[in-house]
Amino acid sequence: MGETATLTFGDQTIELPIIVGSEGEQAVDITQLRSTTGLITLDPGYANTGSTKSDITFIDGDKGILRYRGVPIEQLAAQSTFLEVSYLLVEGHLPNAAELAVFESAIQQHTMLHEDMKRFYGAFPKDAHPMAACSASVGALSTFYPDSLDPRDPRQVEVSIQRLLAKMPTLAAYAYKHSIGQPFMYPRNDLSYVGNFMHMMFGNPCEDYEPDPVIEKALDLLLILHADHEQNCSTSCVRLVGSSMVNLFGAIAAGINALWGPLHGGANQAVIEMLAEIRDEGMSARDFVERAKSQDDTSRLMGFGHRVYKNFDPRARIIKTACFEVLESMGVHSKLLEIAVDLEEIALKDPYFVERRLYPNVDFYSGVIYNAIGTPSNMFTALFAMGRLPGWIAQWQELHESPDFKIARPRQIYTGEIERAYVPIEKR
Ligand code: CMC
């Protein structure tokens, strides 16, 4: 037996194995804890709990390291494309040219939606949030493809993955088009993944549309940076829901809902709304920072803080640089970017944020880019979902291929009433 941790409880002493990861991370293996001692562990928010071993993404929160399948995020951001990164996450290695061509072509062949899906969108109110529309429509894909729902059939899984990656931009763009009352744009398979999304979002049937290469590159970069982040809230949700053996579409729909919340992916929308509020109310950045610190005010500095990153978020650094480059090359002067820079400068020197180790996260500057290229704020989180999709898929696949596979079923410590008799209503 390798290294162990010793636990003494009552008159019992047991040895708990230590599991060591490939980057030296250590965990106490408690799989036999309850059967040997009757104890369970309690860890609200799972801040100390590893739910799985995983080969996909490595994060070192203290050093600001993020790697997909071992490749540093900085290298992927500078040299790769979103579809290549998707392949890397899903297949586990960087593709050669032939493998990438086959992967891209398979995805291109599935971009259209079933025509009946349009009627589905027609039933949503115009002001439906795109994340609600996306989760509902991804869930609804399972009604259109009953031929590919078995999580244990590799061919069915493969085609579900292709369908999801291909159709997600179409689903997201349709949600937007419906909200503004414009006709849905059929996908164009001669364009890149992102170029096609831009055509479906910003094009209309009356005019030719060619994606601006600067914006196309910026959006592709943002998708790469969002592509996976190990066991975050939405990914854990995809794994937990997936562990019931539900099909891939059902598990991903659940992940989309988890991502929507403002403490998770919904923060990108919340950040831009915060910046706009500061601008529109003529508030100073310093006043807002004071408000975010106040115990009497529920406002937080959105886009700041992270459960894992405690020195900096490497994605935020890359996005900040890209933000300046994109706005400059578009000739856009953004008041919102100015406010964001002020907020960051003030917060990074403020003892409240320094002591709590709160830094800008991935969502702090991404919305400024989305905003500058004309994306409405309620679509920001749908773009995050498009980016996170290959990560969710890879994690769902890994769960199903794991020899440790079992349904996720946490326990609890019950703190309610102890047994008491039922009292008939007339006697209460
Ligand atoms: N503004 C002001 N105070 C904050 C902030 C913030 N953004 N974030 C954390 N704090 C304070 C918090 O009030 C607490 O203070 P105290 O110890 O006095 O009670 C302390 O810092 C620790 O915060 P926590 O909420 O216990 O930390 P957590 O690890 O549970 O939460 C977080 C992490 C990301 C949910 C949180 O920092 C937050 O709410 N940030 C704002 C929302 C946001 O930007 N979310 C995006 C996260 S990154 C992308 C993603 O996950 O999708």
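Checking segment 328-348 against the condition returns a match, with at least one residue being over 30 Å from Ala128 (Cα atoms), in contact (Cβ under 8 Å) with a residue 12 or more places away in the chain and near the ligand (Cβ under 9 Å from one of its atoms). So in segment 413-428, with the set limited to residues that are of a type in the set (D, E, K, R) and part of a loop (DSSP other than H, G, I, E, B), which one is farthest from the chain's Cα centre (by Cα)? Applying the filter and picking the extreme gives Arg428. Residues that are out of contact with any Asp or Glu (no Cβ under 8 Å at 6 or more places or on another chain), surrounded by 12 or more Cβ atoms within 10 Å (Cβ to Cβ) and outside any strand (DSSP E or B) occur at least once in segment 42-50.
Only one of the numbered conditions (1) assigned to a helix (DSSP H, G or I); (2) out of contact with any helix residue (DSSP H, G or I) (no Cβ under 7 Å at 6 or more places or on another chain); (3) not acidic (Asp, Glu) is violated by Met117, and that is (2). Show the residue pairs that are 6+ apart or on different chains and have beta-carbon atoms under 9 Å apart, the first residue being within segment 9-25 and within 16 Å of Thr57 (Cα to Cα), the second being among the β-branched types (Val, Ile, Thr). Listed by first residue and then by second, the contacts come to Glu23/Ile65; Glu25/Ile19.
For segment 243-263, a residue qualifies if it is surrounded by 18 or more Cβ atoms within 10 Å (Cβ to Cβ) and within 12 Å of the ligand (Cβ to nearest atom), and the qualifying residues are Gly255, Ala258, Leu259, Trp260. When His264, His229 are checked against the criterion of being in contact with a strand residue (DSSP E or B) (Cβ under 8 Å, 6 or more places away or on another chain) and either basic (Lys, Arg) or under 25 Å from Leu76 (Cβ atoms) (or both), His229 stands alone in meeting it. Looking across segment 131-187, the residues that are within 27 Å of Ser244 (Cα to Cα) and of a type in the set (Gly, Ala, Ser) come down to Ala132, Ala133, Ser135, Ala136, Ser137, Gly139, Ala140, Ser142, Ser148, Ser160, Ala166, Ala172.
Scanning segment 201-223 for residues that are out of contact with any Asp or Glu (no Cβ under 9 Å at 6 or more places or on another chain) and farther than 23 Å from Asn378 by Cβ, we see that the one that is surrounded by the most Cβ atoms within 10 Å (Cβ to Cβ) is Lys217. Scanning segment 371-384 for residues that are in a helix (DSSP H, G or I) and over 14 Å from Leu225 (Cβ atoms), we see that the one that is farthest from the ligand (Cβ to nearest atom) is Ala372. Against the criterion of being surrounded by 24 or more Cβ atoms within 10 Å (Cβ to Cβ), among the hydrophobic types (A, V, I, L, M, F, W, C) and in contact with a Ser or Thr (Cβ under 8 Å, 6 or more places away or on another chain), Ala227 qualifies. Residues in segment 309-319 that are closer than 25 Å to Ala276 by Cα, more than 9 Å from the ligand (Cβ to nearest atom) and in a loop (DSSP other than H, G, I, E, B): Phe312 only. Taking the condition away from the ligand (no atom under 16 Å from the Cβ) and assigned to a helix (DSSP H, G or I), does Leu240 pass? Criteria met by Leu240.
Residues in segment 65-113 that are modelled with pLDDT under 95 and part of a loop (DSSP other than H, G, I, E, B): Gln109 only. Scanning segment 349-370 for residues that are assigned to a loop (DSSP other than H, G, I, E, B) and near the ligand (Cβ under 8 Å from one of its atoms) turns up Arg356, Leu358, Asn361, Val362.
Quick one: in segment 64-75, of everything that is touching a helix residue (DSSP H, G or I) at 6+ places or on another chain (Cβ under 9 Å) and either among the acidic types (Asp, Glu) or closer than 14 Å to Arg317 by Cα (or both), which residue is surrounded by the most Cβ atoms within 10 Å (Cβ to Cβ)? Don't jump to the end; show me each part of the working.
The initial filter retains those residues of segment 64-75 that are touching a helix residue (DSSP H, G or I) at 6+ places or on another chain (Cβ under 9 Å), namely 64-69, 71-74.
Retained after the next criterion (residues that are either among the acidic types (Asp, Glu) or closer than 14 Å to Arg317 by Cα (or both)): 64-66, 72-74.
On the way: Gly64: 18, Ile65: 15, Leu66: 27, Pro72: 14, Ile73: 24, Glu74: 15.
The residue in question is Leu66.
Taken together, Ser160, Ser179 contain a single residue that is closer than 23 Å to Phe384 by Cα, buried (at least 19 other Cβ atoms within 10 Å of the Cβ) and touching a helix residue (DSSP H, G or I) at 6+ places or on another chain (Cβ under 6 Å), which is Ser160.
Considering only residues that are of a type in the set (Gly, Ala, Ser), away from the ligand (no atom under 14 Å from the Cβ) and either buried (at least 17 other Cβ atoms within 10 Å of the Cβ) or assigned to a helix (DSSP H, G or I) (or both), which ones fall in segment 268-308? Correct list: Ala276 only.
The values are calculated or read from the model by the stated rules, or taken from the named source; none is laboratory data. This is a predicted model, so every value here is computed, not measured. Don't worry about glycine lacking a Cβ; one is built from the backbone with ideal geometry, like all the others, and counts go over all protein chains shown.
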